[in-house]
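Enquirer: Would you mind keeping the following structure in view while I ask a few things?
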Amino acid sequence: MTALLEVEDLTARFDTDEGIVTAVDGLSYRVEAGETFGVVGESGAGKSVAARAVLGLIDDPGRIERGEVRFKGEDLLSMDESELRSVRGDRIALVFQDARAALNPVYTVGEQIAETVEHHLECDPEVARDRTIRLLDRVGIPDADARYSDYPHELSGGMCQRATIAMALSCEPDLIVADEPTSALDVTVEARILDLLADLTDEFGVAVQLVSHDLGVIAGTCDRAMVMYAGEAVETAAIEELYYDPKHPYTAGLMSAIPRVGDGRDRLPTIPGTTPDPIDVPSGCRFHPRCPFAEEACTRRNPSLVDPETGEPATIGTDRAAACLEYTDGLEGGLDYSVEIDGATGEHAERGGDCDG
Amino acid sequence: MGDSTESVLRVEGLKAHYDSTDGFLDRLLGRSRTVRAVDGVDFELREGETLGIVGESGCGKTTLARSALRLIEPTAGSVYHRGEDLTALSSPDLRDHRRDLQYVFQDPLSSLNPRLTAGDVVGEPLEVHGLATGAERDERVRELLETVGLKRSHANRYPHEFSGGQRQRLGIARALAVDPEVIVCDEPVSALDASVQAQILNLLSELQAEFGLSYVFIAHDLRVIEHVADRVAVMYLGEFVERGPTETVFEPPYHPYTEALLSAIPEPDPQWERDGVRLDGTVPSPIDPPSGCRFHTRCPRIVPDADYDLSSEVWRGVTDLTLRARETDDAASVTATRADPTETPWETFDGSVREEFGLPGTLPDADAEGALAEAIATLHDGRVEAAAALLDSAFTSPCERHHPAEYELDTGHGIACLRYDDGFDEESETLADGPE
Amino acid sequence: MSLRRFVLRRGLAVVPVLFGVSAVTFGLFHLTPGDPVSQVVALNPDVSAAEEARLRERWGLSGPVWRQYLEWLSNVLVGDFGREIRTGRAVSAVVWRRVPETLVLGLFGWVFAVAIAIPTGIYAAVNKGEIGDLASRVLALSGVSIPNFWLGLLLILVFSLRLGLFPVLPPSRLPLYHPETLRYLLLPGVTIGTAAAATLTRVMRTSMAEELNEEYVTAARARGLPERTVVFKHVLRNSLVSVVTLAAALTAGIVAGSVVVESVFNWPGLGSEFVQAIDRREINVVMAITLVTAVCVVLANFLADVLYAVLDPRIRYD
Ligand code: SF4
Ligand code: SF4
């Protein structure tokens, strides 16, 4: 069984003044039809590059060094431009972080959506316009008829994001790659947009690759997720396993660093240091300078993604994988952390109840 | 609130309005548009505490912080520091106070001169205020860098050579240089990654303990605010709608706006079900803020008029319909389907209007149903303005008529919402209000 | 704000500009010593002082500068530009006869500049860093650096004298709309337009290259639009926004250039007339030409502003 999207050994490099940056290094993952797949990581993890690479949208000075991006079994990276264009916007659509910047300021929002519809569905302008207005209405833009002729600067950030979601949906794609779609928005708007995305994935049966730095956003929307660090995947798991039983020290550290309402902690546990300089990544395990469990071996050997139970190398079909030497070589000290699930969910249950009151 | 003797900063009735009048012709024609970014805010910052100010973008929190330090000239109100009103001081006198009142920006890079080294950036305030020069200055700078978790050798680097978190540390070191009493932190961690954000938050709390600093901490992220603040003020459209000790603000009873903000936080827990209230739209324009309670255009708990027996959910729908009818000139835009109303049968039109605004097929209250049906029929005729007028006169919430005062629930916990008025009846969700 | 209000507002702003230009020119002219009367007097030593004063009185050259200016202004406002002191001809007639000549030359230069610059700029930006881009940049740089008069002389030398392709002297007798005029127009037109073309090319290239980096371009590609649509529909319109402003600003450069170029090519336009008028201290002629030029420049900028607002919907609201 091939998944809807299979990315294998994807490696993307950028030539910069300071040297070559390997933004994505040997990345493999899959997205199943209809599922929402999360990609989490901090800045510099390579998650946005990975998102764009799916559509072959890496511009100079970047290039895709090797790897395959198989969409329904066909490698997008070996397609020619015109074949690729017939996939872009039609079968796979992209949603950007800054929706307003992703819209051309000198054309109306409606025109731009209708343009996509006209191009891919080869229909009359009138038909495209009708379809656009229905889409705008579907994504919750009030008074869609009038908004059709609004320019991007006349809409709020949330409305712009709704419009680009309508644009992404316009040709009923199989996959939407959403790159930090809510990071620039207020929480209240974010919550609305995430609700909308969840509704639409149900309604249209579209799969979503959701890229975000926010573990809260990923938890609420995704079926499975992948954690990235310094250009590599460090952990992949079904969403509940990832949050309740993280296998990689970075995943665990990231989760504990988020302040939670009602947790009463005076100090936040932190991950010391910062994400590594992409020009000069640490030897061995890239996380070792910041990892509380790092041992001598970690500075020498780069752990590969393996099934944490068996230590077998992970393949694209593996559901649970982590890249830490603990699972292949065994660390002397082991990984010593625990996740308190009860306390956490207890909090939510309590607050959830209050909200209803 | 509280005892004024221990306050290090006291803000009273602060207003910051500015003019967004559109050039010469507008002024010639006497058209003026005043943006009421901050519209009458009081607060008091006590020694050693952190006051969190939270709200969506556009609520005026940054303008508030800047006008409180007179980085922006306030329009009205007073800011007391050491017994003197900053708004009344001349620039040289103000400078003296500025030493005690420092500001840390969201993006430190934009506030740092790219041609100065880290050492110069941190040392500049020392020189400006005549605190240290020469070798003494350099030594003090290196100490400060260490205090904020940077290396002494970093003094020779340029701002762009630092990572986001390090730059924020630099911004903090600069603020600390003059040994201030108060630091106003304007979204200091919102541009940072989660792991780095935690480092900076911890650093700020260590510094507070060590130097006895007081913070005004501005953020849009309630999780961060809850973590750092001793007291919290929730801001909406230029006003505080709720304030009090952190625990009381983050626990019921809530202001409906606080409640909505809280329920919007995405929890990093897959089993957590997002429920509770949802907020539509964005903060309205501060040029002509809504009448009565400024939140009434979005409030999910809006108080229904006592004349009708309607729930606040239904009332919300009716109010949304009223607002839409007021705004648009096209009757089609108020339906879920957007067919030309005059060409759709009345029942279909009526149904789709109700669907769009989440209203039941018949309102439970006969009078209300009568008024609504008449308005929808008017809309069906394409007379939008007339329909808006009908709705306006039939359905006016007390929330549109009264500007809620701040009701004090516990000591220091105040909520500006009519639901906490003595005249409010929980059971029927109505407010016994006299004619305005 | 509606486009109409925008146009109205910009239109109103023109008035003070014209007042300013005329006042400054008038003032400057009076700062330089000598006037036509003193020139006449120098030629006829027998003129008495009283007669001289009478002449000045008659030509409005006596009294403080501000009074002279106001007098001139009130005449202009009713459409009277005065007379040439030497010949007594109406200034408006003198100037009007020359306007078409210069207008044709300037327009030719301007069209030449735009026609060269926009395609070259697009090409260079799209193929940034490649050989064609480098070549266009070298050419543009040379175009900016070569002085007008030198380029004009060079063109005459090569194309007229050596190759004999174009006539050297202007069509003093030919009507302007005659097809033959084009042959006379080519060399001076190219001379006048070259610097503008070079500047415009550079701006077009930069602004296009900048726009190509915008997120909406990636977004347009991600929607599967053909590259042609992306470049010519999406990017071009945005890049033109800055080019339009500059193209208007260049009108002033072309006007200034026409003074030199008309002399080099002996073109019977406003530029030549202007030089002669200054030489003869004909204040009325100088003022009229200044005013006509100012109106042209202001008009060009005004058109650019309107076009700007049409191209970019955000402008109308600022
Ligand atoms: S391999 Fe070593 S450094 Fe890397 S995550 Fe595991 S314990 Fe930490
Ligand atoms: S006063 Fe009314 S509109 Fe305002 S917050 Fe309270 S219930 Fe909502």
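The values are calculated or read from the model by the stated rules, or taken from the named source; none is laboratory data. Source: prediction; values computed, not measured. All Cβ positions, even for glycine, are placed from backbone atoms using ideal geometry, and neighbour counts span all protein chains on display. These area figures cover heavy atoms from the full protein model, side chains too; ligands, DNA and RNA do not enter into them. Shrake-Rupley method; radii C 1.70, N 1.55, O 1.52, S 1.80 Å.
Enquirer: All but one of (1) more than 23 Å from the chain's Cα centre (by Cα); (2) away from ligand 1 (no atom under 11 Å from the Cβ) hold for residue A:297, so report the exception by its number.
Expert: Condition (2) is where residue A:297 drops out.
Enquirer: Identify the single condition in (1) surrounded by fewer than 23 Cβ atoms within 10 Å (Cβ to Cβ); (2) within 13 Å of chain A (Cβ to nearest Cβ); (3) assigned to a loop (DSSP other than H, G, I, E, B) that residue B:279 does not satisfy, given that it satisfies every other one.
Expert: With respect to (1) surrounded by fewer than 23 Cβ atoms within 10 Å (Cβ to Cβ); (2) within 13 Å of chain A (Cβ to nearest Cβ); (3) assigned to a loop (DSSP other than H, G, I, E, B), residue B:279 is out only on (1).
Enquirer: If residue B:270 satisfies every condition in (1) within 16 Å of ligand 2 (Cβ to nearest atom); (2) open to solvent by 10 Å² or more (accessible area, probe 1.4 Å); (3) at the interface with chain A (Cβ under 7 Å from one of its Cβ atoms); (4) not charged (D, E, K, R) but one, which is the exception?
Expert: (1)
Enquirer: Name the residues in segment A:45-73 that are of a type in the set (A, V, I, L, M, F, W, C), open to solvent by 10 Å² or more (accessible area, probe 1.4 Å) and away from chain C (no Cβ under 14 Å), would you?
Expert: Scanning segment A:45-73 gives a single hit, A:64.
Enquirer: For residues in segment B:283-315 being of a type in the set (D, E, K, R) and within 14 Å of chain A (Cβ to nearest Cβ), which is farthest from ligand 1 (Cβ to nearest atom)?
Expert: Going residue by residue through segment B:283-315, those that are of a type in the set (D, E, K, R) are B:288, B:294, B:298, B:301, B:305, B:307, B:309, B:313.
From what's left, within 14 Å of chain A (Cβ to nearest Cβ): B:298, B:301, B:313.
Details: B:298: 45, B:301: 48, B:313: 50 Å.
For segment B:283-315, the residue satisfying everything is B:313.
This table checks each residue for (1) at the interface with chain B (Cβ under 9 Å from one of its Cβ atoms); (2) open to solvent by less than 40 Å² (accessible area, probe 1.4 Å).
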residue: A:210; (1), (2): no, yes
residue: A:217; (1), (2): yes, yes
residue: A:227; (1), (2): no, yes
residue: A:239; (1), (2): yes, yes
residue: A:261; (1), (2): yes, yes
residue: A:291; (1), (2): no, yes
residue: A:295; (1), (2): no, no
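Each row is one residue, and each column tells you yes or no for (1) in contact with a helix residue (DSSP H, G or I) (Cβ under 6 Å, 6 or more places away or on another chain); (2) under 30 Å from residue B:242 (Cβ atoms).
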site	(1), (2)
B:293	yes, yes
B:346	yes, no
B:359	yes, yes
B:367	no, no
B:372	no, no
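Enquirer: Among the residues of segment A:244-255, what is the count of those that are more than 10 Å from ligand 1 (Cβ to nearest atom), assigned to a helix (DSSP H, G or I) and open to solvent by less than 10 Å² (accessible area, probe 1.4 Å)?
Expert: Within segment A:244-255, residues that are more than 10 Å from ligand 1 (Cβ to nearest atom), assigned to a helix (DSSP H, G or I) and open to solvent by less than 10 Å² (accessible area, probe 1.4 Å) number 1.
Enquirer: For residue B:342, which of the numbered conditions (1) among the polar types (S, T, N, Q); (2) assigned to a helix (DSSP H, G or I); (3) within 11 Å of chain A (Cβ to nearest Cβ) fails to hold?
Expert: It is condition (3) that residue B:342 fails.
Enquirer: Mind listing just one residue for me: the one in segment A:332-357 that is in contact with a helix residue (DSSP H, G or I) (Cβ under 7 Å, 6 or more places away or on another chain) and near ligand 1 (Cβ under 10 Å from one of its atoms) and, of those, modelled with the lowest pLDDT?
Expert: A:334
Enquirer: Could you check segment C:233-275 and list, in sequence order, the residues that are surrounded by fewer than 23 Cβ atoms within 10 Å (Cβ to Cβ), without any contact (Cβ under 8 Å) to a residue 24 or more places away in the chain and within 14 Å of another protein chain (Cβ to nearest Cβ)?
Expert: Correct list: C:233 only.
Enquirer: Restricting to segment A:310-331, name every residue that is in a loop (DSSP other than H, G, I, E, B) and within 10 Å of ligand 1 (Cβ to nearest atom).
Expert: Those that are in a loop (DSSP other than H, G, I, E, B) and within 10 Å of ligand 1 (Cβ to nearest atom): A:323, A:324, A:328, A:329, A:331.
Enquirer: Any chance you could count how many residues in segment A:128-177 are over 21 Å from the mean Cα position of the chain (by Cα), more than 11 Å from chain B (Cβ to nearest Cβ) and in a helix (DSSP H, G or I)?
Expert: Summing the residues that are over 21 Å from the mean Cα position of the chain (by Cα), more than 11 Å from chain B (Cβ to nearest Cβ) and in a helix (DSSP H, G or I) in segment A:128-177 gives 8.
Enquirer: Filter segment C:99-115 for residues that are of a type outside the set (Val, Ile, Thr) and surrounded by fewer than 18 Cβ atoms within 10 Å (Cβ to Cβ); which is modelled with the lowest pLDDT? If you could, list the steps in order and put the result at the bottom.
Expert: Initially, segment C:99-115 is screened for residues of a type outside the set (Val, Ile, Thr), giving C:100-101, C:103, C:105-110, C:112-113, C:115.
Within this subset, residues satisfying the condition of being surrounded by fewer than 18 Cβ atoms within 10 Å (Cβ to Cβ) are C:100, C:103, C:107, C:115.
Details: C:100: 82, C:103: 85, C:107: 87, C:115: 92.
The qualifying residue modelled with the lowest pLDDT is C:100.
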